Amino acid sequence: MTVNRRDLLKAAAAAGALNLAWPLATGLSPAQAREAAEKLGAVYDRAPFTLGVASGDPQPHSVVLWTRLAPEPLAAEQDLPEVVEVAWVVAKDAGLRRVVARGTAPASATLGHSVHVPVDGLAPGRTYWYAFKALGRTSRVGRTRTAPRGRVGKVTFAAANCQAFHDGYYAAHRGIAREDVDFVVHLGDYIYEHGQVGGVPEAHVRDHDGPEILTLADYRKRHALYKGDASLRAAHAAHPWFLTWDDHEVVNDYSGTGGGAPFMKRRAAAYQAWFEHMPHRDSFGGSALPDPEIHRVRRWGDLLELTVLDLRSHRSAQNLPDGTILGAEQKAWLKKTVDRAPDSWHVWANSIMLSQLRGRPGGSYMFTDQWDGFLAERKEVLGHVHASGLEDLVVVTGDWHSAFVDDVRTDFDAPDSPLVGTEFTAHSVTSGAYSPEWNAKNGPLMGKANPHLKYFEGNRYGYDVYEVTPERFSAHMRVIGDRRDPRSPVSTLTTFHVDRGRAGSYEDDATKASPAQYRRD
Ligand code: FE
Ligand code: CA
């Protein structure tokens, strides 16, 4: 029988019984919390590896392996020794017989008994399998893949974003787990900090009707709940991931340091819990508590350069004449990255929409939490892209809970200004989008108001798969049939292409007639 967790939570909220149905409600024991989570479809791996395994930040010779020991995943404190030695192994085969590297790493209570192992000495462009052992138990086997070097004929990757647990099942991640991709990029809103269970898009949520989370224990439990969805663990175990974050990893619409000391404490707790649950390579070297550095640039031989951006940690408030979304240091780094860029495809992993978005002709920007709230900096960065002669730029974006395709221009108010790239904004995994009525009414209005906007579809959930060859960059919009069904089948709604050396995208003839609420002809 399929349990529909979205409707179940809504019903519980309506009946005033959310404190029993919501696994992270205060007052529940760890066992009760787990029972509530299981009623919402959570199924954990065998202890102590309940949260599964993951790998991340693949490079030609290195990848990071992750796990966390959490015998009671929703407990505030794990009943474990202060430090537990965890053995790890990497092999050329799924049976873990042809071992290429092995070792041990300490899992300490300080970092929630998480383990991050940077494995070096691997061969480029190869698939490997790995597992962990601790407390007499062995984890599931994960699969990962290093980046290739030299001439590369093809790279395929998936992008996911916005996966509110209370809004549905991760059938999209089940799809990603089954995709033949080299890696996955997560564009943020991996968790949601609030307990709001309605279907209202987050940008409109100002008053949350559930308990917010504030402490390290709160954020740990939230991450552990989300990892209870078996499809998410499957997607982690199947491919290496890159991660950036957006606001809900901490709190809705936050910026930099705004909020003072209590906020900084909350942010530190959120960042630490995030790190403890992600296959993220960091530079603090175990000598301090995590303050994860997100932005990085990685290459897949001569074919693809991936630039991961952090649009949260270093930003100022919105709508300031001299405001910044990147922060001075990251902006200088991004410009240098553009200057040094090789002749290849350039992908920016960008958590929130870069392109201008007015709600209706002559109207104002819809959301100034996205790049529209940082006009001078957007102009400066895109002007730099143009001045440097960077070509073949594709920006992949999350946050909006609906799919958009945009032409990226140096000045969005001047439709004849230079076209410097394409932005693909992907559907969300589960997080609620606007209603079909809203989409039908506003899709054409947004199209009219934004001459660079080519496509809008907001009635579906899913993820994107990008297929990259020397000649062409293709974006396949994968959608699920129903987020209330954990096994909902995946299909391709439409495909857009960008040809190498030619800025601008075009829709594939075969899917041009697919449903959408706006399409520029
Ligand atoms: Fe979101
Ligand atoms: Ca967001």
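The values are calculated or read from the model by the stated rules, or taken from the named source; none is laboratory data. All of these numbers come straight from a predicted model, not from anything done at the bench. Every residue, glycine as well, gets a Cβ built from its backbone with ideal geometry; the counts of neighbours run over all protein chains shown. Accessible surface is based on the protein model in full, side chains and every heavy atom, while ligands, DNA and RNA are left aside. Shrake-Rupley method; radii C 1.70, N 1.55, O 1.52, S 1.80 Å.
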Residues satisfying the stated conditions in the stretch 104-137, i.e. in contact (Cβ under 8 Å) with a residue 60 or more places away in the chain and outside any loop (DSSP other than H, G, I, E, B): T110, L111, S114, H116, P118, Y128, Y130, A131, F132, A134, R137
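Within the stretch 130-143, identify whether any single residue is under 20 Å from the mean Cα position of the chain (by Cα) and open to solvent by less than 10 Å² (accessible area, probe 1.4 Å), and answer yes or no.
Applying the first criterion (under 20 Å from the mean Cα position of the chain (by Cα)) to the stretch 130-143 yields 142-143.
So of that shortlist, the ones also open to solvent by less than 10 Å² (accessible area, probe 1.4 Å) come out as 142.
The answer is yes; a qualifying residue exists.
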Those residues of the stretch 232-269 which are more than 21 Å from H116 (Cα to Cα), part of a loop (DSSP other than H, G, I, E, B) and in contact (Cβ under 8 Å) with a residue 12 or more places away in the chain, in sequence order: D246, D247, H248, V250, V251, N252, D253, Y254, S255, G256, G258
R478 vs. criteria open to solvent by 20 Å² or more (accessible area, probe 1.4 Å) and not in a loop (DSSP other than H, G, I, E, B): yes
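Looking at the structure I just gave you, is T397 within 16 Å of ligand 2 (Cβ to nearest atom), open to solvent by less than 10 Å² (accessible area, probe 1.4 Å) and under 22 Å from the mean Cα position of the chain (by Cα)? First the steps, then the outcome.
Working: within 16 Å of ligand 2 (Cβ to nearest atom): yes; open to solvent by less than 10 Å² (accessible area, probe 1.4 Å): yes; under 22 Å from the mean Cα position of the chain (by Cα): yes.
Against the criterion (within 16 Å of ligand 2 (Cβ to nearest atom), open to solvent by less than 10 Å² (accessible area, probe 1.4 Å) and under 22 Å from the mean Cα position of the chain (by Cα)), T397 qualifies.
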Number of positions in the stretch 94-112 that are open to solvent by 10 Å² or more (accessible area, probe 1.4 Å) and over 28 Å from P60 (Cβ atoms): 3
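Touching a residue at least 12 places away in the same chain (Cβ under 8 Å), in contact with a helix residue (DSSP H, G or I) (Cβ under 6 Å, 6 or more places away or on another chain) and under 29 Å from Y271 (Cβ atoms): which single residue out of T324, T337, T368 fits that description? Please lay out each step first, then the result.
Numbers: T337 fails: in contact with a helix residue (DSSP H, G or I) (Cβ under 6 Å, 6 or more places away or on another chain); T368 fails: in contact with a helix residue (DSSP H, G or I) (Cβ under 6 Å, 6 or more places away or on another chain).
So the residue among T324, T337, T368 that is touching a residue at least 12 places away in the same chain (Cβ under 8 Å), in contact with a helix residue (DSSP H, G or I) (Cβ under 6 Å, 6 or more places away or on another chain) and under 29 Å from Y271 (Cβ atoms) is T324.
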Among (1) of a type in the set (V, I, T); (2) open to solvent by less than 10 Å² (accessible area, probe 1.4 Å); (3) in contact with a His (Cβ under 7 Å, 6 or more places away or on another chain); (4) away from ligand 1 (no atom under 16 Å from the Cβ), the one test that V405 misses: (3)
Qualifying residue in the stretch 370-377 (condition: open to solvent by 10 Å² or more (accessible area, probe 1.4 Å) and assigned to a helix (DSSP H, G or I)): yes
Pair list, Cβ under 8 Å, 6 or more apart: the stretch 486-511 residue on the phi > 0 side of the Ramachandran plot, other residue of a type in the set (S, T, N, Q): G504/T422
Residue ranges of strands (runs of 3 or more DSSP E) in the stretch 270-367 with at least 3 members of a type in the set (A, V, I, L, M, F, W, C): 304-308, 345-350
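Taking the conditions exactly as written (surrounded by 16 or more Cβ atoms within 10 Å (Cβ to Cβ), under 21 Å from R233 (Cα atoms) and of a type in the set (A, V, I, L, M, F, W, C)), does A87 satisfy them or not?
On the way: surrounded by 16 or more Cβ atoms within 10 Å (Cβ to Cβ): no; under 21 Å from R233 (Cα atoms): yes; of a type in the set (A, V, I, L, M, F, W, C): yes.
Here the answer is no, as A87 does not meet what is asked.
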The stretch 45-84, residues that are part of a loop (DSSP other than H, G, I, E, B), surrounded by fewer than 17 Cβ atoms within 10 Å (Cβ to Cβ) and of a type outside the set (D, E): R46, A47, H61, S62, A76, P81
Any hit, the stretch 383-391, residues being surrounded by fewer than 23 Cβ atoms within 10 Å (Cβ to Cβ), in a loop (DSSP other than H, G, I, E, B), away from ligand 1 (no atom under 16 Å from the Cβ) and at positive phi: yes
Pairs, first of a type in the set (D, E, K, R) in the stretch 35-64, second at pLDDT below 95 and open to solvent by 30 Å² or more (accessible area, probe 1.4 Å), C-beta under 6 Å, six or more apart: D57/R281
Which numbered condition L225 misses (of (1) of a type outside the set (G, A, S); (2) within 16 Å of the chain's Cα centre (by Cα); (3) open to solvent by less than 30 Å² (accessible area, probe 1.4 Å)): (2)
The stretch 159-205: number of residues that are at pLDDT below 95 and of a type in the set (D, E, K, R): 3
Selection count where residues are away from ligand 1 (no atom under 11 Å from the Cβ) and either within 15 Å of the chain's Cα centre (by Cα) or open to solvent by less than 10 Å² (accessible area, probe 1.4 Å) (or both), scope the stretch 182-192: 4
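Could you please let me know if A160 is open to solvent by less than 40 Å² (accessible area, probe 1.4 Å) and more than 16 Å from ligand 2 (Cβ to nearest atom)?
Details: open to solvent by less than 40 Å² (accessible area, probe 1.4 Å): yes; more than 16 Å from ligand 2 (Cβ to nearest atom): no.
When the stated conditions are applied, A160 does not pass them.
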All positions within the stretch 414-432 that are in a loop (DSSP other than H, G, I, E, B), polar (S, T, N, Q) and closer than 19 Å to L375 by Cα: S417
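One line per residue, one yes/no per condition, for (1) open to solvent by 30 Å² or more (accessible area, probe 1.4 Å); (2) of a type in the set (G, A, S); (3) in a loop (DSSP other than H, G, I, E, B):
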{"residue": "L8", "(1), (2), (3)": "yes, no, no"}
{"residue": "L20", "(1), (2), (3)": "yes, no, no"}
{"residue": "A25", "(1), (2), (3)": "no, yes, yes"}
{"residue": "R34", "(1), (2), (3)": "yes, no, no"}
{"residue": "A37", "(1), (2), (3)": "no, yes, no"}
Some residue of the stretch 436-447 being assigned to a loop (DSSP other than H, G, I, E, B), open to solvent by 10 Å² or more (accessible area, probe 1.4 Å), more than 16 Å from ligand 2 (Cβ to nearest atom) and in contact (Cβ under 8 Å) with a residue 24 or more places away in the chain: no
Tally, over the stretch 400-422, of residues that are hydroxyl-bearing (S, T, Y) and within 16 Å of ligand 2 (Cβ to nearest atom): 1
Qualifying position, being among the charged types (D, E, K, R) and open to solvent by 30 Å² or more (accessible area, probe 1.4 Å), among R315, R281, R296: R281
